[in-house]
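**Q** One structure, pasted below without further comment.
Nothing in this text is a laboratory measurement; each read-out follows from the coordinates by a stated rule. For clarity, every value in this text was computed on a predicted model and none was experimentally measured. Heads up, the Cβs are rebuilt from the backbone with ideal geometry, glycines too, and the neighbour counts pull from every protein chain shown.
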């Protein structure tokens, strides 16, 4: 699946006129992810240990920051985001400004199961309740970052809860958070790979702990 | 020797050490201002409670708010044990927090450096 994601990105960005680099972060996976990335000619960063999606995203963005990228985008490797949506987001940020642009799957929910909608809306509500960030999809992996966001935005959690924490940190830093509609592509593969609603409880628990610890200056 | 005095004597070094750790941690940049004030207030509160434990007990007892026996030697040892555990837990938490951040940064840096090396090799 990751091979197809890379091919789609290459096809779309080759015609975009942007000077781009595709970075694949392999978070200590046991499969052929890194080999596929290397064969496809993208820059592969392999984690020695499995850290979690928050840690993998931090590594990729840290590389982008070190290389002085003007804009960086993150997307999931399970194929649920289309390359066209990534390009659309980059163009939006480039032309209309903003620091952190979120690709929201919940503005147009076509194709998303009710269970997924419920889980994502629930976590979005938790994010709003705990951190006061008003957004329609707090868990989306498709995010576009300005250079300012790349330089300033840091978070502490390494698991899936980083999605909400990142928004919180962006709000604390006074970054301009915006969103745009995207269409999520659900296949059997992405359904199997994505987080299930039960994991949502772990995310809420971790976010709650983080919020309470922050009260004591953590 | 009064048991109340013994309680203060046994616990004062621990509380001073804990407060010193908090101040040093703050000065070295291992914690933020809020955590520093919280840590300092926490240990000061414990110290104040130990120093004023006798008047507090007398007040509670005379106002029928407690029926417990006055401080025994076992109570002194137990309270000292609890404070020692708090001291150790607080220290361990601080160290784990700093180490966790260091390991994460190291892992990230190492992965990026190795990737640059590996990607160069693949290109060649």
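**Q** Could you give P(r) for segment B:65-123, binned at 5 Å from zero, as whole percent values over all Cα-Cα pairs?
**A** 4, 14, 10, 11, 9, 8, 8, 7, 6, 5, 5, 4, 3, 3, 2, 1
**Q** If you take all C-alpha pairs in segment A:27-111, what percent of them are over 20 Å apart?
**A** Cα-Cα pairs of segment A:27-111 separated by over 20 Å account for 45 percent.
**Q** Using only Cα atoms, find the angle between the long axis of helix A:2-14 and the longest principal axis of chain A, and express it within 0 to 90 degrees, rounded to the nearest 10.
**A** 70 degrees
**Q** Counting only DSSP beta bridges with both residues in segment A:2-215, what percent are antiparallel, rounded to the nearest 5?
**A** Of those bridges, close to 45 percent are antiparallel.
**Q** Assuming 1.002 mPa s and 20 °C, estimate D for segment B:3-123 with Stokes-Einstein, Rh taken as the Kirkwood radius over Cα pairs, in µm²/s.
**A** Once the numbers are plugged in, D ends up at 121 µm²/s.
**Q** Please report the Cα spread of segment A:97-218 along all three principal axes, rounded to whole Å, starting with the longest.
**A** 42, 34, 22
**Q** Per DSSP helix of 4 or more residues, -39500 (n - 2.57); summed, then divided by the residues of chain A. What does that give at 222 nm, rounded to the nearest 500?
**A** Value at 222 nm, helices only: -15500 deg cm²/dmol.
**Q** Turning to a different aspect of this structure: Provide the FRET efficiency to the nearest 0.05 for the residue B:120-residue A:208 pair, computing r from the beta carbons and using R0 = 45 Å.
**A** Step by step, r from the Cβ atoms, then E = 0.55.
**Q** What angle do you read, to the nearest 10 degrees and between 0 and 90, between the alpha-carbon axis of helix B:73-123 and the longest principal axis of chain B?
**A** Roughly 10 degrees between the two axes.
**Q** Moving on to the next point. To the nearest Å, what is the center-to-center distance of segment A:85-115 and segment B:1-79, using C-alpha atoms only?
**A** 54 Å
**Q** Using the Cα gyration tensor of segment A:12-74, with a ≥ b ≥ c the square roots of its eigenvalues, what is the shape: rounded (a/c below 1.5), prolate (a/b larger than b/c) or oblate (neither)?
**A** Note, shape of segment A:12-74 comes out oblate.
**Q** May I ask for the equivalent-ellipsoid semi-axes of the protein assembly as shown, computed as the square root of five times each C-alpha gyration tensor eigenvalue and listed largest first in whole Å?
**A** Result for the protein assembly as shown: semi-axes of 50, 23, 18 Å.
**Q** How big is segment A:94-149 by Rg and Dmax over its Cα atoms, in Å?
**A** 12.5, 36
**Q** Roughly what percent of Cα-Cα pairs across segment A:47-97 reach past 12 Å?
**A** 70 percent
**Q** Let me confirm one metric for peptide A:19-29, namely the mean number of other chain beta-carbon atoms within 10 Å of its residues' beta-carbons.
**A** For this peptide, the per-residue mean of nearby foreign Cβ atoms is 1.
**Q** Give me the distance in nm between label points sitting 7 Å out from Cα along the Cα-to-Cβ direction at residue A:113 and residue B:6, one decimal.
**A** Those two pseudo-labels are separated by 6.6 nm.
**Q** Consider a paramagnetic label point 7 Å from the Cα of residue A:199 along Cα→Cβ; state which residues of segment A:17-46 have an amide N under 20 Å from it.
**A** Only A:24-34, A:46 pass the distance filter.
**Q** If you line up the long axis of helix A:197-215 against the longest principal axis of chain A, both from Cα atoms, how many degrees apart are they, to the nearest 10?
**A** 60 degrees
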